[in-house]
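S.K.: Shown below is the structure under consideration.
Just so it is clear, none of the values below were taken in a lab; they were calculated from the coordinates. This structure is a prediction, so every number in the text was calculated from the model and none was measured. Note: ideal-geometry Cβ built from the backbone for every residue, glycine included; neighbour counts use all protein chains shown.
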Amino acid sequence: MKETNACIKEKCKAIVHNSQEKAKSEIDLSRLNEDKEAVMLMLELGQLSHYNAELHQSCEFVMKNSRIRQNACDEEITLATRRLRA
């Protein structure tokens, strides 16, 4: 009978210990998942920043090219107006 009680006591201790270890592991897993999500967000932020830089560069090119074409068009109109007046 003493052996059975001792065995039950040992099994109860093992259950408590395993439950504590499981709880610690779940906390660790939760932290790791949070860290993983933070890393993924940082990667996405980096990609968006790179895309933003590319888009900005492309926009600058279009704006510069548009100004050059507009100036050339204005010059043509000015020259055509002068020719018509002469």
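S.K.: Name the one entry in Leu84, Leu55 that is of a type in the set (A, V, I, L, M) and surrounded by 10 or more Cβ atoms within 10 Å (Cβ to Cβ). Full working, then the answer.
M.R.: Numbers: Leu84 fails: surrounded by 10 or more Cβ atoms within 10 Å (Cβ to Cβ).
After applying the criteria, what remains is Leu55.
S.K.: Quickly run through the stretch 48-81 and pick out the residues that are within 35 Å of the chain's Cα centre (by Cα) and among the small types (Gly, Ala, Ser).
M.R.: Ser49, Ala53, Ser58, Ser66
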